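Contents: one structure, followed by commentary.
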């Protein structure tokens, strides 16, 4: 993705209220073709309300929305033709097979029968359901339903794909498969993909950019690294591996680098050192000067999931 790619989803000052409750409070979004964008936050943050406005299923109280250059509330059918939507709970006809469910979706979208059959066959192969295609969906696992749901959103070949909590309840192997499929939709096919989630450790590996959504407002937006810098304390973590077991690492780190730096053993000759970014260049010299045999130092970066949970934990204490 480059800055030259066109935005397929744009909102400006988007507002939605229910009585005195502000569900979405003036958010600005820009999502480009070829990009996976994550809308991240706890349940009740306003993510689903935002999606409903993008789909034209809920009218904003203020602000503007454009999807593929169209206003969803004024051109809902035109937007529907360009957008594929996978809700958090996928509904299929249980007695029909996976293939039959996709055929039904193709008919609803007025696709030519021959074109539909070819596309359905390709999509079933892509999501790994060719062998299960002629089994009733009632026999599918949660992960299989999610993959069929992704195929279902792609039957009409949309420019924009919106996925609501696509990885909830899927086993680890299924999560990896889903992440690969999602990234491919954007990076390989040039679609704009918006996904909502509260599972940051998964989304961090999937999204090009993401926004942290709290109480209807975006508090930070950017890449995982940018969010870590904005929400964190500017610290970074390193794993230090020593040539022999040495229980002085924590004492040396504390004495040489002072407050704000912590070293703790993680097993055998391995230590995790949390340190202010500006002090990082002093870490290895301090250990070597103390006679500690440093075998390896690995930059662990900033853990967005850890920062996210710390941020909300602190926020709840303030609000209490």
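The values are calculated or read from the model by the stated rules, or taken from the named source; none is laboratory data. Predicted model only: the values in this text are computed from it and were never measured. Don't worry about glycine lacking a Cβ; one is built from the backbone with ideal geometry, like all the others, and counts go over all protein chains shown.
A few points about this structure:
- Of the residues making up the range 259-272, at least one is part of a strand (DSSP E or B), modelled with pLDDT of 80 or more, outside the structural domain of residue 205 (by TED's automatic domain parsing) and under 30 Å from residue 208 (Cα atoms).
- Take the conditions (1) surrounded by fewer than 19 Cβ atoms within 10 Å (Cβ to Cβ); (2) on the phi < 0 side of the Ramachandran plot; (3) under 15 Å from the mean Cα position of the chain (by Cα); residue 174 misses just one of them, which is (3).
- Count - residues of the range 4-16 that are under 17 Å from residue 218 (Cβ atoms) and at pLDDT 95 or above: 8
- Meeting the requirement of 3 or more residues that are more than 22 Å from the chain's Cα centre (by Cα) and modelled with pLDDT of 95 or more, the strands (runs of 3 or more DSSP E) wholly within the range 58-169 are 62-67.
Residues checked against (1) under 23 Å from the mean Cα position of the chain (by Cα); (2) at pLDDT 85 or above; (3) not in a loop (DSSP other than H, G, I, E, B):
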{"residue": "213", "(1), (2), (3)": "yes, yes, yes"}
{"residue": "218", "(1), (2), (3)": "yes, yes, yes"}
{"residue": "236", "(1), (2), (3)": "yes, no, yes"}
{"residue": "255", "(1), (2), (3)": "no, yes, yes"}
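- Residue tally, condition in contact with a strand residue (DSSP E or B) (Cβ under 6 Å, 6 or more places away or on another chain) and surrounded by 20 or more Cβ atoms within 10 Å (Cβ to Cβ), over the range 101-149: 1
- Those residues of the range 273-291 which are under 21 Å from residue 244 (Cα atoms), surrounded by fewer than 15 Cβ atoms within 10 Å (Cβ to Cβ) and in contact with a strand residue (DSSP E or B) (Cβ under 8 Å, 6 or more places away or on another chain), in sequence order: 284, 288
- Tally, over the range 113-165, of residues that are within 27 Å of residue 8 (Cα to Cα) and in contact (Cβ under 8 Å) with a residue 12 or more places away in the chain: 27
- The range 180-205, subset outside any loop (DSSP other than H, G, I, E, B) and within 9 Å of the chain's Cα centre (by Cα), residue surrounded by the fewest Cβ atoms within 10 Å (Cβ to Cβ): 201
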